[in-house]
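One structure is given below, encoded as structure tokens.
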2 protein chains.
Amino acid sequence: MQIVKNPPSESWQQLMQRPTANITALFDYVKPVMDDISSRGDAALREYTMRFDGYSSEEIEVNIWEIESAVAKLNPGLKQAINVAARNIEKFHSLQQQSDRETETMPGVRCVQKYLPIEKVGLYIPGGSAPLFSTVLMLGIPARLAGCSDIVMCTPPAKDGTIDPAILYTAQLVGITRIFKLGGIQAIAAMTYGTETVPAVYKIFGPGNSYVMAAKQWAALAKVAIDMPAGPSEVLVMADDSANPEFVAADLLSQAEHGADSQVIMLTTSAQMLDKVAKEVEKQVQQLPREYIAVKALDNSKLILLQSIDEMMEFSNMYAPEHLILSVKNYRNLIKQIKSAGSVFLGNYTPESAGDYASGTNHTLPTNGFANSYSGVNLLSFMKSITIQEIMPEALEILGPVIETMAEAEQLQAHKNAVTVRLKALS
Amino acid sequence: MQIVKNPPSESWQQLMQRPTANITALFDYVKPVMDDISSRGDAALREYTMRFDGYSSEEIEVNIWEIESAVAKLNPGLKQAINVAARNIEKFHSLQQQSDRETETMPGVRCVQKYLPIEKVGLYIPGGSAPLFSTVLMLGIPARLAGCSDIVMCTPPAKDGTIDPAILYTAQLVGITRIFKLGGIQAIAAMTYGTETVPAVYKIFGPGNSYVMAAKQWAALAKVAIDMPAGPSEVLVMADDSANPEFVAADLLSQAEHGADSQVIMLTTSAQMLDKVAKEVEKQVQQLPREYIAVKALDNSKLILLQSIDEMMEFSNMYAPEHLILSVKNYRNLIKQIKSAGSVFLGNYTPESAGDYASGTNHTLPTNGFANSYSGVNLLSFMKSITIQEIMPEALEILGPVIETMAEAEQLQAHKNAVTVRLKALS
């Protein structure tokens, strides 16, 4: 970890450089695979699944027996934990429901904003060594609450064609409509273009490796929406002398273990705290099974001494972290100073992993500075708003000339005429 | 116009094919220009402005005297029309404000969703023959209401370096912070990367030609958010025998005059109405100054006879039109059947041009089927939501083991440990 003390503000931009991946460089690799699946459908899907995942079968879709067997098999303690997390996530996301907005902007001119579910959504759940059933909760629950009618999920199978029971248990718990044994580029292509077996969707959600990201970005250029651009995971911890160095070190490491390109930053106003956290990180990292990953992530990471809480807030707002932990006295007073962050964790007893699993907030969050412009996944990520207007004839007599004047000034005569023919009919 | 009577539903997908542009094919053209501006800043901006817009000057930014002179010069009738439209747009978008959502998902586990403005936004207003001041209203008003602190606008200058007074009047009316005389790729590049003069923003809004679209898409891959992917404008009119063929024809033409690639569709349950509208379109199009454009757009366009209101709704929902006009009896009963549309116009006296200018709804809407997944521009387009959580120590004693169980099952030991060290400290 790099230790930096009282850096001048001109150097901040440099300090907050992120390790970036060039996703667009992968388009040349991704595009032919996607095109092939777009044109050859299931046959191409099976070939790529064999090539990339080593699984070969006619059966792409998970069937009801596989789900029932997973439900029966899963450890009851884990089931119960998943159920508690699901309840909290459901409670918090239910709160995000929107009511229609309606007003008369002028007498007789009624305007309505109405939220509707995105009918067909696709969730991508990565495979690999660990089953990310928590992401099934984070995407599936708001999708169901939003009222999406088709909730499709793709996740890569093991070589023997099985899917981890925790993933299948969670998928049936939250109400996923159909589950497909597909990973990587082929999963994104299938949900984008549709095949004989896999339905096309309107929006694709979920994390993945850089090929999945590139495929999602390519799909977004073609015909679907995606949740957000994704980059490596990040945390920024703000600590004053009221923080607990053991807790801070554990929080930093919980991001660092995500991937070698993860970035963790601690800002502190206390030189003592900086030293203590550095020592704690060194100690704790050695006990981690994913030490080899965390150590690499720590190479990108920084412990920075700053002069005041205000300076720390300014740095954090410039960085726009995915996760922001406020381990400082009077953290509640700081909330109104936050300008950009994905999700915020208050005080010494709110670890970032609570938000990853069970507090109720969503863990699909903007990285790489995109917290400046993107929200984390929330209920509205699965909805769209439409507007509706109705103008009474007598109101058009008043508003019509306004429209005619503006349309004429924009040289759009047919726009004007759509009003003129109506005003004539009324007079 | 193509006339189709009672097409079998298997042929619908074919009937609703849109004329599509291949935006990604322009990346090879756009990328070097953007890279050049990214590295050489203002100097490159001036060169491209000279090359593409024929304007050469040290002055990229509009100054206060130019604005004052525009305000003084603009026709008072047009000013008043703009003011009325601005009031309606402001009233409707004000209604879209969000309050914070807050709950205890479990006792002692507090979760908050909070909306914040996107601090820095960029608005692109195309130039060309007509000054699109209405787009300044549609983007500038919600930006200001959202509380964006930096609202930057770029619009291409005439060869003599002037900007249309209607654009400058509207920009000062809605509270744009800074205005730059920049068009095309160079405007998007400047707002994406920032130069000595033009600040970088976090999200870019606004319409433009295919180069502008390609530049926005490229920028979105690099580091900013954009409002939505854009395609040619569209309208779908649903008419039964209660419709007025003169009005319907005028509405179809008001979309057709936008561009040769615009698409207009009428669905009707009445063979007579179809004939009457076809005749009216032919008559009215000849009177348009933009007839040469509208005629080309009509080549892409269709009048389709269907058997019932339900069939029309089903077709419309599959097509997901940018604009949907319901010129049918009992239109209010149909609202709940709408699954996808950008903006909806009810009855015979609500022309689509009302929404383009002055009813209060936004005219920046999803095209090309993206109404399936995207909202039109609204107040929240200029905001992002963040989540905040706070867990009381006694609540972590209950929730902590849930997190530990889940983190362990996902093989993320450091995530678990962030809870374990805290539970130990509490016991």
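Tabulated data
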read-out	value
Most positive-pole-ward Cα, B:Pro289, B:Leu365, B:Val277, against dipole of region B:208-366 from beta carbon charges	B:Leu365
Check: chain A dipole with +1 on Lys, Arg Cβ and -1 on Asp, Glu Cβ, in debye	300
Value of relative contact order over region A:1-131, rounded to a whole percent, pairs C-alpha under 8 Å and six or more apart	8
For region B:192-274, size of Cβ-based charge dipole, Lys and Arg +1, Asp and Glu -1, in debye	580
Top of B:Lys302, B:Lys416, B:Lys120 by mean-square fluctuation, Gaussian network on chain B, Cα under 10 Å	B:Lys416
Shape of chain A, Cα gyration tensor, a/c cut at 1.5	oblate
Nearest-20 debye value, the protein assembly as shown charge dipole, Cβ charges on Lys, Arg, Asp, Glu	560
Residue (of A:Pro131, A:Thr49, B:Gln113) at the positive-pole extreme of the protein assembly as shown, dipole from beta-carbon charges	B:Gln113
Of A:Lys120/B:Lys296; B:Lys339/B:Lys384; B:Lys91/B:Lys223; A:Lys416/B:Lys203; B:Lys73/B:Lys283, those spanning more than 30 Å from alpha-carbon to alpha-carbon	A:Lys120/B:Lys296; B:Lys91/B:Lys223; A:Lys416/B:Lys203; B:Lys73/B:Lys283
Label point 7 Å beyond Cα along the C-beta direction, distances from B:Leu423 to other copies (nm, shortest first)	7.3
FRET efficiency estimate (nearest 0.05) - Cβ-Cβ, A:Arg51 to A:Gln307, R0 51 angstrom	0.35
Estimated inter-spin distance, A:Asn83 and B:Thr162, nm [label 7 Å along Cα→Cβ]	7.5
Counting all C-alpha pairs of the protein assembly as shown, share separated by more than 49 Å (%)	21
Dipole-positive endmost among A:Thr268, B:Leu182, B:Ile204 within the protein assembly as shown (Cβ charges, Cα centre)	A:Thr268
Cβ neighbours within 10 Å from other chains - mean over B:126-132	2
Segment A:Gln2-A:Arg332, extension gain: residue separation times 0.36 nm, minus the distance between their alpha carbons	115.9 nm
Contact order relative to length of region A:178-335, as percent, for alpha carbon pairs under 8 angstrom and 6 or more apart	23
Distance (nanometres) between label positions extended 7 Å along Cα→Cβ at B:Lys73 and A:Glu408	2.1
Virtual spin-label span in nm between B:Asp35 and A:Glu10, 7 Å along Cα→Cβ	3.0
Per-pair calculated FRET efficiency, R0 = 22 Å: A:Lys424 and B:Lys296 via Cβ, rounded to 0.05	0.20
Convex hull volume of region B:14-97 per residue (C-alpha atoms, cubic angstrom)	270
Spatial separation of Cα centroids for region B:153-174 and region B:96-112, in angstrom	43
FRET efficiency for A:Glu196 and A:Glu104, using Cβ-Cβ distance with R0 set to 35 Å, rounded to 0.05	0.10
Peptide A:284-290, shielding by other chains (average Cβ, 10 Å cutoff)	3
Helical contribution to [θ] at 222 nm, DSSP H n ≥ 4, -39,500 (n - 2.57), averaged over chain A, rounded to 500	-14000 deg cm²/dmol
Taking chain B and dividing mean pair separation by its residue count, relative contact order in percent (alpha carbons under 8 Å, at least six apart)	20
For peptides B:223-229, B:51-57, A:380-386, sequence by mean Cβ density within 10 Å, most packed first	A:380-386, B:223-229, B:51-57
Inter-copy label distances at B:Gly54 (7 Å, Cα→Cβ; nm, one decimal)	6.6
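Here, each number is a calculation from the coordinates, and none is a lab measurement. From a predicted model like this one, the values you see are computed outputs, not experimental measurements. Neighbour counts are summed over all protein chains in view; Cβ atoms, including those assigned to glycine, are modelled from backbone coordinates with ideal geometry.
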